[in-house]
Amino acid sequence: MCWVWISAAAAGVFSAHVLQRLCFPHFWKDFSFLFSLSRYGLKLELFRLTCRVRTVLDRFTQQAQRIPDKPFVIYEGSVHTYKDVEQRSNRLANVFLRKLDVSAGDCVALLMNNEPDFLCVWFGLAKLGCPVAFLNTNLKSRALLHCFGCCGAKAVVVGADLAECLRGILSNLLEDNIQVLAMTSHCGDTKVESVLDHIDAASDKPLPAILRAAPSLKSPTLYIFTSGTTGLPKAAVITHLQSLKGAGGFWAFGVTEKDVIYIPLPLYHSAASLIGIGGTIELGATCILKKKFSASQFWSDCREHKVTVFQYIGELCRYLCNQPKTEMDKVHVVRMGVGNGLRQDVWQEFQRRYGNIKMCEVYGSTEGNLCFMNHIGKIGTVGRSNFFYKLLFKYDLVKYDMMEDKPMKDQYGFCQRVKKGETGLLLSKVNALTPFFGYAGSKQLTEKKLIRNVFVKGDTYFNTGDLMAEDHEGFISFKDRVGDTFRWKGENVATTEVAQTLGSVDFIQEVNVYGVEIPGHEGRAAMGSIILRPGFMFDGNKFFEHVVMELPTYARPLFIRLQVVMEMTSTFKQQKFQLVQSGFNPSTISDPLYVLDYHQNTYIPLTKNVYQSILCGERKL
């Protein structure tokens, strides 16, 4: 009888296992991932309940005591241990406090390129209790002045190689009583203080911990400016809570202290600073810091330093795929990439060429209150959700009216959820668990990102501005930005999807898709700005065949513009605004232009005569 029960139990276990594999194939991966997230979240909650606020900086000082001689940052061949960075940041903290008139609580802007002193200045100011505003090094005079006004900076620390960037606005800064501190020796300008003149004589002993003590996890520690493709930057408020969440990203994906992490992204961006540096600190790992991303140096750097994990964003992986093929392509120990914005076609090509590297997509904005993480590694998706995830993070996909450029409402004035598989606007509920801290210096900008009375009166959601879709398995995919999606012939055109399709043509190196207005027509027609691969020519016949075969009529680019260089933001986001404004007029555009021609089954040059025939309505589109 005992054997009968044992056999029945074994059969039951086996059946349950088979049923789980068939119906819930990702159950254990989901369970393990959510368990890890819950552990990390519980730790943060315990800090809050016990009023014992532990910050990323606290974790760094702890690591400097635990592993003082371990390499923390390797930069251009120089090794900087945890102890090195701890002591130099202590010296800088003492200089700022005792020599340069910086007080606890003052907001200080930081204008520096990637280098170890970026971290030392950042940590030194944090040890003094100063919120730090990271400035985009590509910004010019007007935009820079705008940033100072947003965050209320009392001082700015500028890198030695960027001092000239402030020359044009130095008088404006001094008029506003903003102190200018340069990371140089013997500056020679009496209006600018030279930080390094004081550092040798400064003590490397830490300042009293009470200066950096955070009253709450929700108190601001950083201001990181959004790198939008239009308009002036916005200063997103980054609290200690957000910094700690970012620092847990690598850990959640299974990165350990034994890993070597490659950071080629700008430190003024949240991906590199919060996830990259914060994650390295949380683990006690080592990072390879690059001043600037270089596609030609990437793999040689990875081989030299035995890199196991790298960060990416936007088109970085496409740049790598466009490099000449070599026999060394798969000679490396890289096992994982962590980032966002990886197109499906590039993802597949990257893994074919460089090996089965697990690409871990992370979805989230600098200021947002929601994050998706693709822990499964399914190609083309930014994350995965399930019943348990939705219990912790309240989000919804709602119907969006492209013509009116706003969410669709029902008869009662509430938003309507989309069905599984349908594309909708992603909204994330604002509550105690997922707060939204907004932007510094502008309540109006903060309010514009919120939608109220979404499903019931009184509720509040953060508007991500992203169109997403969630399939029946819970995988979430990014479709497009609301501003990038347009309508043509009564249909919605997603620029990201069209760009992915065009990107598979062999003579195309890079493509940017956007919509242009045509007089006398409703909506906007698709236009593609293309960079050709070296040694290739634009083939109108071949391109026509591909477009007709792969895209529906309404999504086919009517116009093509050949460019030599694609304008990008500093975080590898394609610039569309100027291209949209330029339109398709051959009289004002010097680049070669082509137009779709169904009579000749090809793309023909867009001449002034053809352009006029389009404006007059003589040419059928």
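Note on the stretch 181-299: enclosed helices (runs of 4 or more DSSP H) holding 3 or more residues that are surrounded by 15 or more Cβ atoms within 10 Å (Cβ to Cβ) and under 20 Å from the mean Cα position of the chain (by Cα) are 240-247, 249-252, 278-283.
Counting just the residues of the stretch 434-460 that are in contact (Cβ under 8 Å) with a residue 24 or more places away in the chain and not in a loop (DSSP other than H, G, I, E, B), which one comes out farthest from Gln411 (Cα to Cα)? Across the stretch 434-460, the extreme among qualifying residues is Tyr439. Across the stretch 158-168, not a single residue is classified as in contact with a Phe, Trp or Tyr (Cβ under 8 Å, 6 or more places away or on another chain), modelled with pLDDT of 90 or more, hydrophobic (A, V, I, L, M, F, W, C) and open to solvent by less than 50 Å² (accessible area, probe 1.4 Å). The lone criterion from (1) buried (at least 17 other Cβ atoms within 10 Å of the Cβ); (2) out of contact with any Ser or Thr (no Cβ under 6 Å at 6 or more places or on another chain); (3) farther than 18 Å from Asp345 by Cβ; (4) modelled with pLDDT of 85 or more left unmet by Pro519 is number (1).
Comparison of Phe507, Phe486, Phe475 shows that the only residue that is in contact with a Ser or Thr (Cβ under 6 Å, 6 or more places away or on another chain) and in contact (Cβ under 8 Å) with a residue 12 or more places away in the chain is Phe475.
Residues in the stretch 372-401 that are farther than 10 Å from Glu470 by Cβ, over 17 Å from the mean Cα position of the chain (by Cα) and hydrophobic (A, V, I, L, M, F, W, C): Ile376, Ile379, Phe387, Phe388, Leu391, Leu392, Phe393, Val398.
Okay, residues lined up against (1) part of a loop (DSSP other than H, G, I, E, B); (2) modelled with pLDDT under 95; (3) surrounded by fewer than 16 Cβ atoms within 10 Å (Cβ to Cβ):
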residue	(1), (2), (3)
Leu119	no, no, no
Thr137	yes, yes, no
Arg142	no, yes, yes
His146	no, yes, no
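The combined condition, being over 11 Å from Asn369 (Cβ atoms), of a type in the set (Lys, Arg), at pLDDT below 95 and part of a loop (DSSP other than H, G, I, E, B), is not fulfilled by Lys479.
Among the residues of the stretch 404-442, those identified as aliphatic (A, V, I, L, M) and open to solvent by less than 20 Å² (accessible area, probe 1.4 Å) are Leu425, Leu426, Leu427, Ala440.
Selection of the stretch 57-80 for residues being touching a residue at least 60 places away in the same chain (Cβ under 8 Å), part of a strand (DSSP E or B) and hydrophobic (A, V, I, L, M, F, W, C) yields Phe72, Val73, Ile74. May I ask you to list the residues in the stretch 363-375 that are among the hydrophobic types (A, V, I, L, M, F, W, C) and open to solvent by less than 30 Å² (accessible area, probe 1.4 Å)? Within the stretch 363-375, Leu370, Phe372, Met373 qualify.
Looking only at residues of the stretch 493-513 that are part of a strand (DSSP E or B) and surrounded by 19 or more Cβ atoms within 10 Å (Cβ to Cβ), we find that the one that is modelled with the lowest pLDDT is Val493.
Condition check ((1) over 17 Å from Arg212 (Cα atoms); (2) at pLDDT below 95; (3) of a type outside the set (S, T, N, Q)) across all residues:
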| residue | (1), (2), (3) |
| --- | --- |
| Val53 | no, yes, yes |
| Thr61 | no, no, no |
| Gln65 | yes, no, no |
| Ser78 | yes, no, no |
| Lys83 | yes, no, yes |
| Gln87 | no, no, no |
| Asn90 | no, no, no |
| Leu97 | no, yes, yes |
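When the stretch 230-273 is filtered for residues that are over 21 Å from Ser216 (Cβ atoms) and of a type in the set (Val, Ile, Thr), the ones remaining, listed by number, are Thr230, Val255, Thr256, Val260, Ile261, Ile263.
Look at Thr239 and say whether it is polar (S, T, N, Q) and touching a Pro at 6+ places or on another chain (Cβ under 7 Å). Spelling it out, Thr239 is indeed polar (S, T, N, Q) and touching a Pro at 6+ places or on another chain (Cβ under 7 Å).
Can you confirm whether Pro557 is in contact with a Leu (Cβ under 9 Å, 6 or more places away or on another chain), in a loop (DSSP other than H, G, I, E, B) and open to solvent by 10 Å² or more (accessible area, probe 1.4 Å)? No; evaluated as a whole, the condition is false for this residue. Could you grab me the full set of residues in the stretch 132-160 that are of a type in the set (Ser, Thr, Tyr) and under 24 Å from Ser185 (Cα atoms)? Once the filter is applied, which keeps residues that are of a type in the set (Ser, Thr, Tyr) and under 24 Å from Ser185 (Cα atoms), the stretch 132-160 yields only Thr137. Checking each residue in the stretch 381-404 for being modelled with pLDDT under 90 and assigned to a loop (DSSP other than H, G, I, E, B) picks out Ser385, Asn386, Phe393, Met402, Met403, Glu404. Among residues of the stretch 199-222 that are without any contact (Cβ under 8 Å) to a residue 40 or more places away in the chain, those with a Cβ under 7 angstrom from a residue that is surrounded by 15 or more Cβ atoms within 10 Å (Cβ to Cβ), sequence gap 6+ or separate chain, pair up as Ser219/Thr239; Ser219/His240.
The values are calculated or read from the model by the stated rules, or taken from the named source; none is laboratory data. Computed from a predicted structure; not experimentally measured. With ideal geometry, Cβ positions are generated from the backbone for all residues, glycine too; neighbour counts draw on all protein chains shown. These area figures cover heavy atoms from the full protein model, side chains too; ligands, DNA and RNA do not enter into them. Shrake-Rupley method; radii C 1.70, N 1.55, O 1.52, S 1.80 Å.
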